[in-house]
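Read through the structure below, which is laid out as structure tokens, and then see the notes.
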Amino acid sequence: MKINHIEFDLKKCYIMGILNVTPDSFSDGGKWNSLDHALFHTEDMIKEGAELIDIGGESTRPGYQRITEQEELERVLPYIEAVRKRFDIPVSVDTCKAKVAEQAVTAGAGMVNDITGLKGDKKMAEIIAKTGVPCCIMHNRNLKERPYTDVAADVLADLRDSIQIGLVAGIKKEQIITDPGIGFGKTLSDNLIVMKHLERLLELGYPVLLGTSRKSMIGLSLNLPVEERVEGTVATTVLGVMKGCSFIRVHDVKENYRALKMTEAILNAV
């Protein structure tokens, strides 16, 4: 799979570094929403092992405040342009708005990461198909409207629906990545079950991106605040590598990259 100018071997696993340029993200809100700070942080993430940077301009934490398309564009476009100009690394845009996705790709993003699984903006699938860039289709569900009967099976069924939306709109199979949506539309128990059966996502026939970094699943399991969830995140990264994920999306690049490489060394031993 090619993202921007880089070809990714999907038999391997790569670290996606998170660059939130929001004032209110749950784990690092406000830390990187100045261009200089963001570029220094991006440089650090690349040195520590990130091979893809995911830039987001709207918080998706519980109870987050929605922003307009224009506000999101004003936040993300300068950062996408600056990162692509300064560094030789692919960039993903984390957005559920089709207009933002389209302009982000024009600005240099080589991938769209949609937390609504193409269901939030009816034009998203069409825009991704038109641009031809890879997309990450994340699982999400409104539990109040549709409770689970079998969470692992239901996640697969929902993702199949999202994939079909994409294929009908003209997105090619080789453009698609799936994400189980840890922390989205799931209780703690649901999240743990999805993690336990993570390998089942491979039944869909697409590469998998795992994003657990510092999330409440870890905080609730270990009774730890956001700033103390590195080890818990590392544990999920190891599991993700063992279960065949192609991308791991994290805040703490160095620790997770080292854990990923050590896990791969063991799995590849002959």
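No lab work stands behind these numbers, since they all come straight from the coordinates. Not measured: the values here are computed from a predicted model. Glycine gets a Cβ as well: all are built from the backbone with ideal geometry, and neighbour counts include every protein chain shown.
Among the aspartates and glutamates, which fall within straight-line cross-link reach of K12, defined as a Cα-Cα distance under 17 Å, with same-chain neighbours fewer than 8 residues apart omitted?
Within reach: E51, E174, D179, E199, E264.
Run the dipole for the chain about the Cα centre, Lys and Arg Cβ at +1, Asp and Glu Cβ at -1, nothing else charged, and hand back the magnitude in debye, nearest 20.
440
If the elastic network links every pair of Cα atoms under 10 Å, which of D121, D94, D36 fluctuates the most in the Gaussian network model of the chain?
Of D121, D94, D36, the most mobile in the Gaussian network model is D36.
For a test of the definition: using alpha carbon positions, the gyration tensor, and the 1.5 limit on a/c, classify the chain as rounded, prolate or oblate.
rounded
With charges set only on the Cβ (+1 for Lys and Arg, -1 for Asp and Glu), what does the dipole of the range 80-218 come to about its Cα centre, in debye to the nearest 20?
Once rounded to the nearest 20, the dipole reads 320 debye.
Which residue fluctuates the most in the chain, going by a Gaussian network model with Cα springs under 10 Å, if the choices are T106, T68, T237?
The residue that fluctuates most here is T68.
How large is ³J(HN,Hα) for each residue in the range 253-264, as worked out from phi by the Karplus curve 6.51 cos²θ - 1.76 cosθ + 1.60 (θ = phi - 60°), to whole Hz, x for Gly and Pro?
Once θ is set to phi - 60°, the couplings for the range 253-264 become 5, 3, 5, 6, 5, 5, 5, 4, 5, 5, 4, 5 Hz.
What does the charge dipole of the range 107-158 about its Cα centre add up to, to the nearest 20 debye, if the Cβ of each Lys and Arg holds +1 and the Cβ of each Asp and Glu holds -1?
Charge dipole, the range 107-158, about its Cα centre: 180 debye, nearest 20.
Please give me the summed charge of the neighbours of E81: other residues whose Cβ is under 14 Å from its Cβ, Lys and Arg +1, Asp and Glu -1.
Combined, the nearby Lys, Arg, Asp and Glu give +3.
So, counting K/R as plus one and D/E as minus one, what does the shell of residues with Cβ under 11 Å around A98 add up to?
Neighbour charge sum, excluding A98 itself: 0.
So how many Lys-Lys pairs in the range 158-270 land under 30 Å Cα to Cα, not counting same-chain pairs under 8 apart?
Value for the range 158-270: 22.
Have a look at D150, D179, D114 and tell me which one the Gaussian network model of the chain (Cα, springs below 10 Å) gives the largest fluctuation.
The residue that fluctuates most here is D150.
Apply the a/c threshold of 1.5 to the C-alpha gyration tensor of the range 138-270 and tell me whether it is rounded, prolate or oblate.
Because a/c hits 1.5 or more and a/b fails to exceed b/c, the range 138-270 counts as oblate.
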